[in-house]
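Peer 1: What follows is a single structure, and I will ask about it in a moment.
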Amino acid sequence: MNRTERVEQILETFNKDNFKTQLIDWFKKEQRILPWRENQDPYRVWVSEIMLQQTRVDTVIPYFNHFLSKFPTPEALAEAEEQEVLKAWEGLGYYSRARNLQNAVREVVEQYGGKVPDNPEELGKLKGVGPYTKGAILSIAYDTPEPAVDGNVMRVLSRILHIEDDIAKQSTRKLFEDLVRELISEEDPSSFNQGLMELGAMICTPKTPSCMLCPVQSECRAFDEGVETELPIKSSKKKQKKSPYLLLLVKNETGDLLIEQRPSEGLLASLWQFPMVPMKDLDMEAAKHWFYGEYGLKVEFDEGVDQIKHVFSHLIWEMEVIPAKVVEGTLDYERATFVHPDEVVDYPFPVSHQKAFKHINL
DNA sequence: CAACCGTGGTA
DNA sequence: TTACCAAGGTT
């Protein structure tokens, strides 16, 4: 059975009109007041959707307000320094979102005169704009009936329609997109899509859904069968691998601090950090030798002042924070520099290194 | 497809 | 504490 036939079978006995009417009525009445809902400005919608990827609403709100005051238009963002954009993103995580957003906005300014594209083809070519974000912008900013399937939508529809496909698999998203194309309101696709997401965030939550408050309870197959907490099906991800490091707070003779910029691709790309010595298979003496080889500086270590764990999606850094001072040598490392401790705040740092920096003033 | 890519909240 | 979760995208 192909996907089209499956969609037809799933929806054969489903009351579409009742579902979309009750969902939209509920959303219009109960939706939260959020900064990005003040208007339909496509740029604002776009920025909000990027920030909201894998990130909670409460976390995004202050970042969104600050970002929009700093970069109020596509032109303003296009003209900004990348470091300035990363600084505004500092602490939000997934930093490629920020670089991709700025690259895409520059593309919009240059190719489309600063107007965010209103069609799937051009929108989908922009960096960082995937299937979900594309549909979200088209429906919310341009009232176009395109699916915007995120984790909320898959959870809600898994329950409503009792679908047991693994939502961790990418192919499953396409099934839900096909279903949404059949269900979506042509009159108000924005409220329909946002209603599905809002329902997932406020009522149809992962652990303990509030089915007694649900506006579409009467259409929910999972509730009818008493299996709402068994859905959706999602395969578990594997554990992160741990890596030990020394995080060195190196001061020179004048009290300046050694910092370095990370590579422009990969983990925490283009952010700044304090030097880190990979301690797998190394002791403290070997660490000093390693550091001399990398940076051209001989240093003395103080006692460790803290242990910091940095948990990523797929790995964990276990760092011992070591104050150190330069004994001899000249800095010989292109991406590193000494700065006054007061200037460290001007650079974008990952959260773990911000924590380590607190030990500088002790 | 599965790995990579951050961070903070919560049970 | 562990494990999962939160308006995904890229490679």
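Peer 1: Summarise the accessible area of chain A (1.4 Å probe, protein heavy atoms) by the percent that is carbon and sulfur.
Peer 2: C and S atoms contribute 46 percent here.
Peer 1: Can I ask one more? If the limit is 29 Å between Cα atoms, which of A:Lys207/A:Lys280; A:Lys70/A:Lys239; A:Lys16/A:Lys125; A:Lys207/A:Lys238 go over it?
Peer 2: Beyond 29 Å: A:Lys207/A:Lys280; A:Lys70/A:Lys239; A:Lys16/A:Lys125.
Peer 1: Across bins of 5 angstrom width beginning at 0, how are the C-alpha pair distances of the range A:1-120 distributed, in whole percent?
Peer 2: All Cα pairs considered, the percentages come to 2, 9, 16, 17, 14, 10, 10, 10, 7, 3, 1.
Peer 1: If you don't mind, there's one more thing I want to ask. Which value in Å does the Kirkwood hydrodynamic radius of the range A:106-260 take, with 1/r averaged over all unlike C-alpha pairs and then inverted?
Peer 2: 18.5 Å is the Kirkwood radius here.
Peer 1: Compute the angle between helix A:131-140 and the longest alpha-carbon principal axis of chain A, please, reported from 0 to 90 degrees and rounded to the nearest 10.
Peer 2: 60 degrees
Peer 1: Relative to the longest principal axis of the C-alpha atoms of chain A, give the angle of the C-alpha long axis of helix A:96-112, reported between 0 and 90° and rounded to the nearest 10°.
Peer 2: So the helix axis and the longest Cα principal axis differ by about 70 degrees.
Peer 1: Kindly sort A:His66, A:His359, A:His314 by accessible area of their heavy atoms, largest first, with the probe set to 1.4 Å. Present the calculation step by step, with values, prior to reporting the outcome.
Peer 2: On the way: A:His66 95, A:His359 40, A:His314 115 Å².
Order by accessible area, largest first: A:His314, A:His66, A:His359.
Peer 1: Between A:Ile184, A:Ile316, A:Ile61, find the one with the highest GNM mean-square fluctuation for chain A; connect C-alpha pairs within less than 10 Å.
Peer 2: A:Ile316
Peer 1: By accessible area of protein heavy atoms, probe 1.4 Å, what ranking do A:Met279, A:Met51 get, highest first?
Peer 2: Ranked list, largest accessible area first: A:Met279, A:Met51.
Peer 1: Tell me, what is the Rg over Rh of the range A:182-307, with Rh the Kirkwood radius over Cα pairs?
Peer 2: So for the range A:182-307, dividing Rg by the Kirkwood Rh gives 1.30.
Peer 1: Relative contact order for chain A using alpha-carbon pairs under 8 Å, separation at least 6, rounded to a whole percent? Present the calculation step by step, with values, prior to reporting the outcome.
Peer 2: Numbers: 542 pairs, mean separation 55.1, N = 362.
In percent, rounded to a whole number, it is 15.
Peer 1: Tell me, how many Å apart are the Cα centres for the range A:71-145 and for the range A:203-260?
Peer 2: Each part reduced to its Cα centre gives a spacing of 25 Å.
Peer 1: Mind putting together the pair-distance distribution for the range A:141-184? All Cα pairs, 5 Å bins, whole percent per bin, short to long.
Peer 2: All Cα pairs, binned at 5 Å, distribute as 5, 23, 36, 21, 9, 5, 1 percent.
Peer 1: For chain A, find the longest principal axis of its Cα atoms and tell me its angle to the long axis of helix A:16-30, 0 to 90°, nearest 10.
Peer 2: Helix A:16-30 and the main axis of chain A meet at about 50 degrees.
Peer 1: For the range A:241-361, with equal point scatterers placed on the C-alpha atoms only and solvent neglected, what are the log10 I(q)/I(0) values from the Debye formula at q = 0.10, 0.12, 0.22 1/Å, to two decimals?
Peer 2: Each listed q maps to, in turn, -0.27, -0.40, -1.52.
Peer 1: Dividing the convex hull volume of the alpha carbon atoms of the range A:158-240 by its residue count, what do you get in Å³ per residue?
Peer 2: Here the figure is 117 Å³ per residue.
Peer 1: Mind checking the log10 I(q)/I(0) for chain A at q = 0.15 Å⁻¹? Debye, one equal scatterer per Cα, no solvent, two decimals.
Peer 2: Log-scaled intensity ratios, in q order: -1.22.
The values are calculated or read from the model by the stated rules, or taken from the named source; none is laboratory data. Predicted model, so just to flag it, every value in this text is computed and none were measured. Side chains are part of the model used for accessible areas, which takes the heavy atoms of the whole protein and leaves out ligands, DNA and RNA. Shrake-Rupley method; radii C 1.70, N 1.55, O 1.52, S 1.80 Å.
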